[in-house]
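Just below is one structure, and these are the notes that go with it.
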Amino acid sequence: NQSVHQRMQELEQLLNRYNQEYYENDEPSVPDAEYDRLFRELKTLETEHPDLKSAQSPTMKVGGKPLGQFRSVEHEVPMLSLDNAFSVDEFEAFSKRVEQRLDTNQTVTFCCEPKLDGAAVSLLYENGLLVRGATRGDGQSGEDITENVKTIRNVPLKLSGDVPERLEVRGEVVMPLGAFERFNEQARQREEKVFANPRNAAAGSLRQLDSRITAKRPLHFYAYSLGLISETTQLPDSHHQRLLQLKDWGLPVNIEIKTVDSVQGCDDYYEAILARRDTLNYDIDGVVFKVDSIRLQQDLGFVARAPRWAIARKFPAQEQLTT
Ligand SMILES: NC(=O)n1nc(-c2ccco2)nc1N
């Protein structure tokens, strides 16, 4: 019995370490199959020797399921990825495609947004109360991280005003740069692994099993699009106006977002944000231009999984300062 107990303690230590790696840094040192095998071995031994089972066993934290203990969430409206334009010519080709769909004398308004480099999430509010949070996953289904998103500093648990019965908000979770540096400094001092960049820090923090750990992470959320909405009739036809409506209801919307009425306006916006990139308190990897008219967005639809009505224009890669 002693050797069984020893093996159980060894398994517990191994699994806790692998969990830490997986959820702290999103970088497990063993493949999931190996983790699952060890997990099942421990589970079996605990079933055979309940008297030897520890209250802190990793099998207690997850309610019995191995790694995949986040419930899966189906995105009724797919969470799209963005097509990228790496040059002004590629962007102009995009705007030409859009203009082809317009009547001749119509001009197209674009909504311009900084492209936040964090982790995309979906928040679902029912009667104004936050009822679910989910990662983007593969765009069709993600992980249920409700308890974790509730700990994000600027995510309202209750919206204010006359809100739709069901409102799904999508946006980016970022770890502000100052907080990221301080967090990594602390991790270094504690001989814990540091995050390579703020995006990993945000993604890894959101995938913590224990939301008390997430709660200690300085995360911010910025809304940038809407998913499921009941009562769409009351919403304006403009994407920008809808974001301002989200702001009125208490959701954080990035202050850099604005509309322009020409391709030149988009180019100016790209240059202006690029020039100020180092003064922003979060990582961005470009700007996003979206056709502002929802009606025109629906008319343009999307090809594969990227919308025809939006395009990201990426900045040149930032020279990586040696941290
Ligand atoms: N990452 C980011 O800041 N995004 N991502 C979108 C997006 C993705 C799909 C539709 O819109 N918009 C913004 N500002």
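The values are calculated or read from the model by the stated rules, or taken from the named source; none is laboratory data. The structure presented is a predicted model; accordingly, all values stated were derived computationally and were not measured. Every residue, glycine as well, gets a Cβ built from its backbone with ideal geometry; the counts of neighbours run over all protein chains shown.
GLY161 falls short on exactly one of the conditions (1) within 16 Å of ALA223 (Cβ to Cβ); (2) in contact with a Phe, Trp or Tyr (Cβ under 7 Å, 6 or more places away or on another chain); (3) in a strand (DSSP E or B), and that condition is (3).
Candidates in the stretch 288-310 are the residues that are part of a loop (DSSP other than H, G, I, E, B) and out of contact with any Pro (no Cβ under 9 Å at 6 or more places or on another chain); of these, the one that is modelled with the lowest pLDDT is ALA304. Every condition in (1) on the phi < 0 side of the Ramachandran plot; (2) surrounded by 15 or more Cβ atoms within 10 Å (Cβ to Cβ) holds for SER160 except the one numbered (2).
Among residues belonging to the stretch 100-139 that are of a type in the set (Ser, Thr, Tyr) and within 26 Å of ALA203 (Cα to Cα), point out the one that is nearest to the ligand (Cβ to nearest atom).
Within the stretch 100-139, the match that is nearest to the ligand (Cβ to nearest atom) is SER122.
Filtering the stretch 162-193 to residues that are among the small types (Gly, Ala, Ser), at pLDDT 95 or above and more than 23 Å from LEU209 (Cα to Cα) leaves nothing. When the residues of the stretch 144-158 are filtered to those that are part of a helix (DSSP H, G or I) and touching a residue at least 60 places away in the same chain (Cβ under 8 Å), the one that is nearest to GLN208 (Cα to Cα) is ASN148. Among the residues of the stretch 79-93, those that are within 16 Å of the ligand (Cβ to nearest atom) and at pLDDT 90 or above comprise MET79, PHE91. Of all the numbered requirements in (1) touching a residue at least 12 places away in the same chain (Cβ under 8 Å); (2) surrounded by 13 or more Cβ atoms within 10 Å (Cβ to Cβ); (3) away from the ligand (no atom under 16 Å from the Cβ), ARG71 misses one, and that requirement is (2).
With respect to GLN318, is the statement that it is out of contact with any strand residue (DSSP E or B) (no Cβ under 7 Å at 6 or more places or on another chain), at pLDDT below 95 and within 15 Å of LYS115 (Cα to Cα) true? Before the answer, list the steps.
Values: out of contact with any strand residue (DSSP E or B) (no Cβ under 7 Å at 6 or more places or on another chain): yes; at pLDDT below 95: yes; within 15 Å of LYS115 (Cα to Cα): yes.
Answer is yes for this residue.
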